[in-house]
1. For the chain, set up a GNM with springs between Cα atoms under 10 Å and report which of Ala168, Ala147, Ala201 has the largest fluctuation.
2. Sequence-distant or interchain residues sharing an amide H contact under 5 Å with Leu166, placed H: which?
3. Counting other Cβ atoms within 10 Å of each Cβ, which trypsin sites (Lys or Arg not before Pro) in segment 234-299 have at most 10 and sit in a DSSP loop?
4. Just flag the chymotrypsin sites (Phe, Trp or Tyr not before Pro) in segment 1-57 sitting in loop per DSSP whose Cβ has no more than 12 other Cβ atoms within 10 Å.
5. Lysine pairs in the chain with Cα distance under 22 Å, only those 8 or more apart or on different chains: how many are there?
6. If you plug each phi of segment 5-11 into the Karplus form 6.51 cos²θ - 1.76 cosθ + 1.60 with θ = phi - 60°, what whole-Hz ³J(HN,Hα) values come out, in order, with x for Gly and Pro?
7. Most exposed first by the Cβ proxy, i.e. fewest other Cβ within 10 Å, how do Val123, Val21 rank?
8. Considering only the other residues whose Cβ falls under 15 Å of the Cβ of Thr332, what net charge follows from Lys and Arg at +1 and Asp and Glu at -1?
Amino acid sequence: MSIEFRGVTKRYGDASSPLVVKGIDFTVPKGTLTTILGPSGCGKTTTLRMIAGLDAPSGGQIVIDGQDVTTLGPAERNVSMVFQSYALFPHMNVIANVGYGLEVSGVGKAETLQRARTALQNVGLTGYDERLPSELSGGQQQRVAVARALVLEPSVMLFDEPLSNLDARLRRSMREEIRSLQQRLNLTVAYVTHDQSEALAVSDQIIVMEAGRIAQCGTPQDLYERPNSEFVAGFMGEAMLFDALVGADGRVQLGGLSFTPRHAVVPGKAKVAVRPEAWRLAASGTGGLAGKVQKCAYLGSFQEVTLDTDLGAIFVVSPDLEQVWAPGDAATLHLSGQGVSVVMA
């Protein structure tokens, strides 16, 4: 089941109220996972709620599997949503929580039990039937919430910041499980997050929203390697932007550095986005861009180093742990080629 937005707008209040979503168009192809990504207040959760039927659009059309569902309520859309808070019933055990939606829909007890156990098996919680939510870890509660959505056999599954309440290790394992489940069951999924690494890890397609509009839509690789604006470049991986010049030969001059971009650009003034991991640090006097270390931090598998240069302060993430830097050290910066994009020319 595909999802399509056609010129969808949303405002809360009367016609004089500002638009929260400003005429957006996109498609979530059948059997794929699309992440709606953006900072707080950009309209991503409102967009998800409009897919679910929890919020009605102020204008435009929402189409699911070829059917116009713009005016239909949540119960008429065959859509299930997994909320940030899990929203489990604390007084019900796991099997009752998972089967609740089927029970209130009039499905018989035997079928409800069978389908609930199948859903729990799909999320790796076989044998947890009698436990209460309070007896489960955060990751297990999240899996119960996913099973409760799956048991309804929806055409579309929606996730609203599903991992934000978990610690870093659980976030990584749960995003892998959600992605694996989506691919195994061929689900159509719309997934909202503000976490760029999460979006890159799970998505077939990413929609970056900015102030109610779509800033860019594409594959994770498209958005990371070919951002089309300063906003997208800065949001996808903490890129720093610099003024540069593109010569007639196609080479880019950035301060004292020169490089050939991975994609052809028009000669003239340009903006170059450089990600922290694109810089390579070397000893002073090895050519490149001279800098002086202002501060540094050791984070186990990499170092974070901030340097003062002719281009201003530059933040570097370096995997080289053999060279230990200290404030005041002189260094030279080189560009590795990866993580450098010309976003405006």
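A short reminder: the numbers here are calculations on the coordinates, not readings from a lab. Just so we're clear, the structure is a prediction, and the values are computed from it rather than from any experiment. Virtual Cβ from ideal backbone geometry, glycine too; neighbours counted across all protein chains shown.
1. It is Ala168.
2. none
3. Loop-located and lightly packed - none at all.
4. Tyr12
5. Value for the chain: 4.
6. 9, 10, x, 7, 10, 8, 9
7. Ascending number of Cβ neighbours within 10 Å: Val123, Val21.
8. -2
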